[in-house]
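Peer 1: Please see the structure below; I have some questions.
The values are calculated or read from the model by the stated rules, or taken from the named source; none is laboratory data. Since we're looking at a predicted model, the values are computed, not measured. Positions of Cβ are generated from backbone atoms using ideal geometry, with glycine treated the same way; all protein chains shown enter the neighbour counts. In case anyone asks, the SASA skips ligands and DNA or RNA and just uses the protein heavy atoms, side chains included. Shrake-Rupley method; radii C 1.70, N 1.55, O 1.52, S 1.80 Å.
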Amino acid sequence: MRHHDATRMGSTSRTASVTFRGSEALELGRQLHAVRMEQGLPLARAAASAGLSPLWAAQIECGEVLDLETLHAYARALGARLTVRLDTGLPPDRHGAGDHP
């Protein structure tokens, strides 16, 4: 399950808070753990590189509830890049094309 809370500010900037739970968080955690293990990087070192406590990094790797900003920071510390895709289910011409220049 994903929780999306997007707030539109002004006419051009947006902020969004995305929290991953359940199978999505578990899969992301497994992938990040695999990347760290492939590099032979100790959990404490990976956590410190991301500015996180080892406990928080362990929770990420175990699929605990986490936010997108933390995922990005941990992935960057592992030399990985996290990308997020939003699928609205709308046809391509219905994605708010009129809202953008």
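Peer 1: I'd like the accessible area for residue 30: 1.4 Å probe, protein heavy atoms, all chains in place, Å² to the nearest 10.
Peer 2: 140
Peer 1: Taking the highest mean first, how do the peptides 51-60, 34-43 order by number of other beta carbon atoms within 10 angstrom per residue? Spell out each step's value before the answer.
Peer 2: Working: 51-60: 16.5, 34-43: 13.2.
Per-residue Cβ counts within 10 Å, averaged per peptide and sorted highest first, yield 51-60, 34-43.
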